[in-house]
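So the structure is just underneath, and the comments pick up after that.
The values are calculated or read from the model by the stated rules, or taken from the named source; none is laboratory data. None of the values given here were measured: they were computed from a predicted structure. Cβ: placed from backbone, ideal geometry, glycine included. Neighbour counts: every protein chain shown.
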Amino acid sequence: MHFKFFVEILRPINCLMAALAVFIGYLVAGKIFALDLQVFFAALSAFLICGAGQAINDFFDLEIDKKIRPKKILPSKKMAPKTALIYSVILFLAGNFFALLINFHTAAIALSASTLLILYSAFIQKEKFFGNIVVSLSTALTLVFGAAILQKYETAALLAASAFFASIGREIIKDVEDKKADRGAKKSVPMVLSKKHTNAAVLLSYTLAVLIALFVWAIKLIENFYYPVLILVSAIIFAKSFLLLTNDDAKKAQLFSKIAMLVSLFAFLTGAF
């Protein structure tokens, strides 16, 4: 078995984004730009738990993926299912271990995120809306996780709320893109709601994400000049994503959503200055 498959099953880009969000949460909480061992442990913990969540989801999704995504690592037999399960358990344990080395707050958040990911994959994976919530909560918790190092949550909690709604919007768009593949295997928002109401749910999610982010600036938790500028840039990109969705181009809409979320992360980063 090639080592690269152990990397690929983690979705390393997603895991690196989680680690970056932890770092940003820490910087915003402390209003400083600094690195120390605790920050490294927290970022590593988020990376490992994110990867563990991806691996265990693939394990429980195996039978579905055999039908609709046969080229993925497990259905294509590039890795044995048992190996993926053991790998995910090791990653979960390692991620929680590093969180425990920091403080009780980080340990509790890491354990909560791990539990959510496991419960979703094992018991409610067919209900994709719950999956959207779990994924979005996990995304939001990375910012709170970073703030937990210093146990200063005010700013990070609001930024996490913004990230949560942005992620919900992106996840729904992803469900639109996967609607045909998921039919008969999973139940998602686009399967339950009409196209009009699905689009409205995405627009509402994006709008809440932007308004909460601007609220942080309005109440002067972040006063950096670049913050509102970058948030407005992200709002424009979110709007482009929404327009692409209404024009039935969910694939590009999801790409623009990811870009908008990345711009938002950089906006959050300015809160450290």
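A few points about this structure:
- Residue that is farther than 30 Å from V216 by Cβ and in contact with a Phe, Trp or Tyr (Cβ under 9 Å, 6 or more places away or on another chain), where the choices are A29, A52, A42: A52
- Hits in segment 216-255 - residues which are closer than 16 Å to D175 by Cα and either part of a helix (DSSP H, G or I) or in contact with a helix residue (DSSP H, G or I) (Cβ under 8 Å, 6 or more places away or on another chain) (or both): S241, F242, L244, L245, T246, A250, K251, K252, A253, Q254, L255
- If you filter segment 172-215 down to residues that are among the polar types (S, T, N, Q) and in contact with a helix residue (DSSP H, G or I) (Cβ under 7 Å, 6 or more places away or on another chain), you find that the one that is modelled with the lowest pLDDT is S188.
- Options I13, I49, I24: the member that is touching a Ser or Thr at 6+ places or on another chain (Cβ under 7 Å) and within 30 Å of A260 (Cβ to Cβ): I49
- Helices (runs of 4 or more DSSP H) lying entirely in segment 1-76 (those with 1 or more residues that are at pLDDT 90 or above): 3-8, 12-30, 37-60
- Per the listing A110, A160, A140, the residue uniquely more than 26 Å from L203 (Cβ to Cβ), small (G, A, S) and assigned to a helix (DSSP H, G or I) is A110.
- Residues located in segment 220-248, provided they are within 12 Å of I259 (Cα to Cα) and of a type in the set (S, T, N, Q): S234, S241
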